[in-house]
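Undergrad: Below is the structure I would like to discuss, written out as structure tokens.
The values are calculated or read from the model by the stated rules, or taken from the named source; none is laboratory data. For clarity, every value in this text was computed on a predicted model and none was experimentally measured. Here the Cβ positions follow ideal geometry from the backbone for every residue, glycine too, while neighbour counts run over all protein chains shown. These accessible areas exclude ligands, DNA and RNA; they are computed on the full protein's heavy atoms, side chains included. Shrake-Rupley method; radii C 1.70, N 1.55, O 1.52, S 1.80 Å.
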Amino acid sequence: MYSYNEFDTDFVRERNLQFRAQVQRRIQGHLTEDEFKPLRLMNGVYLQLHAYMLRVAIPYGTLNSAKMHKLADISKRWDKGYGHFTTRQNIQFNWPKLTDISDILDALAKVEMHAIQTSGNTVRNVTADHFSAAAEDEIEDPRPYAELIRQWSTDHPEFQFLPRKFKIAVSGSHNDRAVIRAHDIGLQIVQKHGETGFEVVVGGGHGADAYDRENNSGVFAKTGSSALH
Amino acid sequence: MASKPNLPVVVTANALLEGDVVYVKADGSWSRSLQKALVLRETKDADSHLQTATAQSNLVVGAYLIPVELNAGRLETIHSREYFRKTGPSNYFHGKQTEKHYV
């Protein structure tokens, strides 16, 4: 599991301060809802049928006990005592008040979590096989690669205003528990000719209009290559 | 532009601070209860109250009109979307709507 360095800590703290000020400006009437909406969405805050919803990123679905305790604490303190784990390995709190969300984000930051890029037309949480590092059929743990993609795509200026949301999944096994063929980009770790690399699947869809793609790219990218740079 | 709903209607929105589903009352304030909503039977009244509600962007988000009907003395929504907004999530009884002020 990735641990924040000083840059990460400062970045998230600064982002949370920005959002806290944006919320205040919305409440005070200095921002209209049309102006505020894209700002809250970039921080994982939706306004749904019944209430606000905050979607918190859980990169490749991996939590430690400190993070899990913090999520439970947040659900009790600021929500209704529960959260909803999503198919994309995040967690959603479905009943927060707008005025509490900045405090929730600060609480998340204490355990190196945030809600950045959990909504909007950007690269979303990179998912992986939920049995990573525990599956007998695994060639290699996919999560370090998911983490590399997460770091590369987070706050990347080219990906903040995509035409639509964009989803990437990584599997370390030929058994596709990460549902990579229903993602915009699916990476499957394979071994060919004695080398370990990825088969790349593109053009799948996820969500209400999910659809599968066969391995249509024909790409075999060796691990450790510079294809992502 | 969305077509206007059939009369009678009430004005609904989400509260800015809490996100709660709210309805305009006769005195112009907002209630969490549909039963306390002002029922508007004339197009000009509906348009006027919607305009007033939309201007209250410091209190609510996304005001709009919804058709309602009176059934055995109780106001009922007509569309499924509004039924879910009024009664809460459809999977089981939970959320803010379990609280007393939501009726």
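Undergrad: Within the range B:14-67, how many residues turn out to be touching a strand residue (DSSP E or B) at 6+ places or on another chain (Cβ under 6 Å), assigned to a helix (DSSP H, G or I) and more than 14 Å from chain A (Cβ to nearest Cβ)?
TA: Counting residues in the range B:14-67 that are touching a strand residue (DSSP E or B) at 6+ places or on another chain (Cβ under 6 Å), assigned to a helix (DSSP H, G or I) and more than 14 Å from chain A (Cβ to nearest Cβ) gives 4.
Undergrad: Surrounded by fewer than 17 Cβ atoms within 10 Å (Cβ to Cβ) and away from chain A (no Cβ under 14 Å) - does that describe any residue in the range B:76-87?
TA: The answer is yes; a qualifying residue exists.
Undergrad: Might you let me know whether the range A:21-37 holds any residue that is open to solvent by 10 Å² or more (accessible area, probe 1.4 Å), among the hydrophobic types (A, V, I, L, M, F, W, C), within 14 Å of chain B (Cβ to nearest Cβ) and more than 17 Å from the chain's Cα centre (by Cα)? Don't jump to the end; show me each part of the working.
TA: Here is the first cut: in the range A:21-37, the ones open to solvent by 10 Å² or more (accessible area, probe 1.4 Å) are A:21-22, A:24-25, A:27-35, A:37.
Filter once more, so that each one left must be among the hydrophobic types (A, V, I, L, M, F, W, C): A:21, A:27, A:31.
Imposing the further condition that a residue be within 14 Å of chain B (Cβ to nearest Cβ) reduces the set to A:27, A:31.
In the following step, the residues that additionally are more than 17 Å from the chain's Cα centre (by Cα) were identified as A:27, A:31.
Scanning the range A:21-37, I find at least one residue that is open to solvent by 10 Å² or more (accessible area, probe 1.4 Å), among the hydrophobic types (A, V, I, L, M, F, W, C), within 14 Å of chain B (Cβ to nearest Cβ) and more than 17 Å from the chain's Cα centre (by Cα), so the answer is yes.
Undergrad: Could you list, in sequence order, the residues of the range A:104-122 that are of a type in the set (A, V, I, L, M, F, W, C), open to solvent by 20 Å² or more (accessible area, probe 1.4 Å) and not in a loop (DSSP other than H, G, I, E, B)?
TA: Pass one, the range A:104-122, residues of a type in the set (A, V, I, L, M, F, W, C): A:104-105, A:107-109, A:111, A:113, A:115-116.
Within this subset, residues satisfying the condition of being open to solvent by 20 Å² or more (accessible area, probe 1.4 Å) are A:109, A:111.
Result: A:ALA109, single match.
Here is a yes/no grid of residues against (1) more than 26 Å from A:ASP73 (Cα to Cα); (2) buried (at least 17 other Cβ atoms within 10 Å of the Cβ); (3) at pLDDT 95 or above; (4) touching a helix residue (DSSP H, G or I) at 6+ places or on another chain (Cβ under 6 Å):
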position	(1), (2), (3), (4)
A:SER102	no, yes, yes, yes
A:ARG124	no, yes, no, no
A:TYR145	yes, yes, yes, no
A:PRO157	yes, no, no, no
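Undergrad: OK, next. What single numbered condition from (1) touching a Leu at 6+ places or on another chain (Cβ under 8 Å); (2) away from chain B (no Cβ under 14 Å) fails to hold for A:ASP106?
TA: Against the list (1) touching a Leu at 6+ places or on another chain (Cβ under 8 Å); (2) away from chain B (no Cβ under 14 Å), A:ASP106 comes up short only on (1).
Undergrad: Could you pull out the residue among B:ASP20, B:ASP27, B:ASP47 that is within 26 Å of A:GLU35 (Cα to Cα) and without any contact (Cβ under 8 Å) to a residue 40 or more places away in the chain? Write out each step before concluding.
TA: On the way: B:ASP20 fails: without any contact (Cβ under 8 Å) to a residue 40 or more places away in the chain; B:ASP27 fails: within 26 Å of A:GLU35 (Cα to Cα).
Answer to the selection: B:ASP47.
Undergrad: Next question, about the same structure. How about the range A:45-86: which of its residues are open to solvent by 60 Å² or more (accessible area, probe 1.4 Å), free of Cβ contacts under 8 Å to residues at least 60 places away in the same chain, under 20 Å from the mean Cα position of the chain (by Cα) and more than 14 Å from every other protein chain (Cβ to nearest Cβ)?
TA: Of everything in the range A:45-86, those that are open to solvent by 60 Å² or more (accessible area, probe 1.4 Å), free of Cβ contacts under 8 Å to residues at least 60 places away in the same chain, under 20 Å from the mean Cα position of the chain (by Cα) and more than 14 Å from every other protein chain (Cβ to nearest Cβ) turn out to be A:SER65, A:MET68, A:HIS69, A:PHE85.
Undergrad: Still on this model: Based on what the data block shows, is B:GLY95 out of contact with any Lys or Arg (no Cβ under 6 Å at 6 or more places or on another chain), within 11 Å of chain A (Cβ to nearest Cβ) and open to solvent by less than 80 Å² (accessible area, probe 1.4 Å)?
TA: Numbers: out of contact with any Lys or Arg (no Cβ under 6 Å at 6 or more places or on another chain): yes; within 11 Å of chain A (Cβ to nearest Cβ): yes; open to solvent by less than 80 Å² (accessible area, probe 1.4 Å): yes.
Judged against the criteria, B:GLY95 is a match.
Undergrad: Another question, then. Would you mind telling me which numbered condition in (1) under 11 Å from the mean Cα position of the chain (by Cα); (2) open to solvent by 80 Å² or more (accessible area, probe 1.4 Å) B:LYS44 fails?
TA: All conditions pass for B:LYS44, except number (1).
Undergrad: Which of (1) free of Cβ contacts under 8 Å to residues at least 24 places away in the same chain; (2) more than 21 Å from A:GLN48 (Cα to Cα) does B:PHE84 not meet, given it meets every other one?
TA: (2)
Undergrad: Here is a follow-up. Taking only pairs six or more apart or across chains, which ones have beta-carbon atoms under 8 Å, a first residue in the range A:173-184 that is farther than 17 Å from A:GLY197 by Cα and surrounded by fewer than 20 Cβ atoms within 10 Å (Cβ to Cβ), and a second residue that is at pLDDT 90 or above and acidic (Asp, Glu)?
TA: A:ARG177/A:ASP129
Undergrad: For the list (1) hydrophobic (A, V, I, L, M, F, W, C); (2) in contact with a strand residue (DSSP E or B) (Cβ under 6 Å, 6 or more places away or on another chain); (3) away from chain A (no Cβ under 14 Å), I need the number of the one condition that B:ALA72 fails.
TA: Only one criterion is unmet by B:ALA72, namely (2).
Undergrad: Next question. Consider B:SER90 carefully, then state whether it is loosely packed, with under 15 Cβ neighbours inside 10 Å and in contact with a helix residue (DSSP H, G or I) (Cβ under 8 Å, 6 or more places away or on another chain). Walk me through how you get there before you give the answer.
TA: Numbers: loosely packed, with under 15 Cβ neighbours inside 10 Å: yes; in contact with a helix residue (DSSP H, G or I) (Cβ under 8 Å, 6 or more places away or on another chain): yes.
Yes: the conditions hold for B:SER90.
Undergrad: Another question, if that's okay. Go through the range A:5-44 and give me each residue that's within 15 Å of A:ALA107 (Cβ to Cβ) and touching a residue at least 60 places away in the same chain (Cβ under 8 Å). Even if it seems obvious, please write down each step before you answer.
TA: Going residue by residue through the range A:5-44, those that are within 15 Å of A:ALA107 (Cβ to Cβ) are A:9, A:12-13, A:15-17, A:19-20, A:43-44.
Within the range A:5-44, A:THR9, A:VAL12, A:ARG13, A:ARG15, A:ASN16, A:PHE19, A:ARG20, A:ASN43, A:GLY44 meet the criteria.
Undergrad: When the residues of the range A:123-178 are narrowed to those that are part of a loop (DSSP other than H, G, I, E, B) and acidic (Asp, Glu), which ends up nearest to A:ILE58 (Cα to Cα)? Even if it seems obvious, please write down each step before you answer.
TA: Initially, the range A:123-178 is screened for residues part of a loop (DSSP other than H, G, I, E, B), giving A:124-126, A:129-142, A:154-156, A:160-165, A:167, A:172-178.
Restricting the remaining residues to those that are acidic (Asp, Glu) gives A:129, A:136-138, A:140-141, A:155, A:176.
Details: A:ASP129: 13, A:GLU136: 24, A:ASP137: 24, A:GLU138: 21, A:GLU140: 20, A:ASP141: 17, A:ASP155: 16, A:ASP176: 20 Å.
Only one residue fits best here, namely A:ASP129.
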